[in-house]
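What follows is a short report on a single structure.
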Amino acid sequence: LVAGALPSATKAAVLRGAMMHLVVASRHAEGLAVGRELLAMARTLGLADLEADALGAIGTARVEAGDPGGLDDLEAAIARFEELATPSGTLWQLNLGWAAATMGDLRRCFAALAAGTRQAERFGSRRWRRSIELQRVAEHYWTGRWSTVVALVDDLVATDEHHYLEWECRMWRGRIRLAEGRIEDALADAEKAHALAVRARDPQDLHPTRAFLARTLLAAGRRDEAAELAGTLLDSLGGGVLVPDLGADLGMVMAELGIPAEALDRRGIPTTPWLEAARALAAGDPLAAAGRYAAIGSLPDEADARLAAARLLARQGRHAEAEAQAAAATAFLADAAGGPTDG
């Protein structure tokens, strides 16, 4: 309706809505094009809030297409909203957290989420505080504060809140249960998380839940079901970066099922540290994967890769090296499982 209209505040508002929908739908090229059109129009008309939103959407689309330069756009959007002293920048703090994690920089991700928490408290937004609290469940998992994860997720599922992020929270708790050898409990969380993701129909939800469900099915001895799910997952990848929520699951499943790393290469996935780690696992080089996860800052994924390396080294007769890798992994797992709750 506004395509042929002259630049105006109304047209800019419509473009913003279209831009946001395109970004959420992972239609990178289209979202980027509309975002740049909006950015130019907002600057011409002096619409500072829409200019900031355009910068945020452009940054998100660039990162999802594999361009780390999008992080700078997101920082610029946040800075613009800080100048305006409005709570709207909280959205882009969360997107910066996701984008930094996606580019393999968990430290920067955690800093963005902490800043988002402070902003939500400053403006008194209960909705944003709750959303950030649940998004930080991933941070607690990655940094080994597993008792905090379990407490938060147990509390969430015990209520009738039905928060959108329940799928993600169940997945993090399920990974802890799997690490503890509670396979049936892990499988219950995996199946519920996957069912919620199917209902949401968002690839960013479906991909990690499929990978984790396939991994738990393998642990439960249900290899055929895992293989079918892994095939569906691989067929659906491509067109954007691997989401960080996949963790080691994808590479572990591929290695277990004998799916070659080249299966990832054929998908045209932009290179990130997460892809390099998954590819190393699938290629039978878990030590390289452990190094990648250590650089990213994902302690549980590093531990999983070191345990895989220990098994490989033991089969090769390199027992001292195997014991060293196993010891490093089990030290983390013991600390994570037994650590204090971080409120």
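I'd like to check which helices (runs of 4 or more DSSP H) are fully inside region 249-343 and have at least 2 residues that are buried (at least 24 other Cβ atoms within 10 Å of the Cβ) and touching a helix residue (DSSP H, G or I) at 6+ places or on another chain (Cβ under 9 Å). Give the steps one after another, and end with the answer.
Numbers: elements: 249-257, 262-265, 273-282, 286-296, 299-315, 319-338.
The qualifying helices (runs of 4 or more DSSP H) are 249-257, 273-282, 286-296, 299-315.
Checking Arg145 against (1) more than 18 Å from the chain's Cα centre (by Cα); (2) among the basic types (Lys, Arg); (3) more than 30 Å from Leu55 (Cβ to Cβ), which single condition isn't satisfied?
It is condition (1) that Arg145 fails.
Okay, residues lined up against (1) free of Cβ contacts under 8 Å to residues at least 24 places away in the same chain; (2) among the hydroxyl-bearing types (Ser, Thr, Tyr); (3) part of a helix (DSSP H, G or I); (4) crowded, with 17+ Cβ neighbours inside 10 Å:
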| position | (1), (2), (3), (4) |
| --- | --- |
| Ile58 | no, no, yes, yes |
| Leu94 | no, no, yes, yes |
| Arg107 | no, no, yes, no |
| Thr148 | no, yes, yes, yes |
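Please determine whether any residue of region 127-135 is open to solvent by 50 Å² or more (accessible area, probe 1.4 Å) and of a type in the set (A, V, I, L, M).
no
Quick test for you: out of Leu39, Leu91, Leu45, pick the one residue that is over 28 Å from the mean Cα position of the chain (by Cα) and farther than 24 Å from Thr271 by Cα.
Unique residue meeting the criteria: Leu45.
Which condition does Arg122 not pass, out of (1) in a helix (DSSP H, G or I); (2) farther than 14 Å from Gly97 by Cβ; (3) touching a helix residue (DSSP H, G or I) at 6+ places or on another chain (Cβ under 7 Å), if it passes all the others?
(3)
Somewhere in region 217-234, is a residue basic (Lys, Arg) and in contact with a helix residue (DSSP H, G or I) (Cβ under 6 Å, 6 or more places away or on another chain)? Give the derivation first.
Step one: filter region 217-234 for residues basic (Lys, Arg), giving 222-223.
Those still in the list that are in contact with a helix residue (DSSP H, G or I) (Cβ under 6 Å, 6 or more places away or on another chain) too: none.
No.
Cβ contacts < 7 Å: first residue farther than 27 Å from Ala220 by Cβ, restricted to region 254-273; second residue at pLDDT 95 or above and surrounded by fewer than 18 Cβ atoms within 10 Å (Cβ to Cβ), any location; separation 6+ or different chain. Result?
Pro273/Ala295
Can you name every residue in region 74-84 that is over 29 Å from Tyr293 (Cβ atoms) and open to solvent by 50 Å² or more (accessible area, probe 1.4 Å)?
Residues satisfying the conditions are Arg80, Glu82, Glu83, Leu84.
The values are calculated or read from the model by the stated rules, or taken from the named source; none is laboratory data. These numbers were taken from a predicted model, which means no experiment stands behind them. Cβ coordinates were reconstructed from backbone atoms using ideal geometry, including for glycine residues, and neighbour counts include every protein chain displayed. The accessibility values were calculated without ligands, DNA or RNA, using every heavy atom of the protein model including side chains. Shrake-Rupley method; radii C 1.70, N 1.55, O 1.52, S 1.80 Å.
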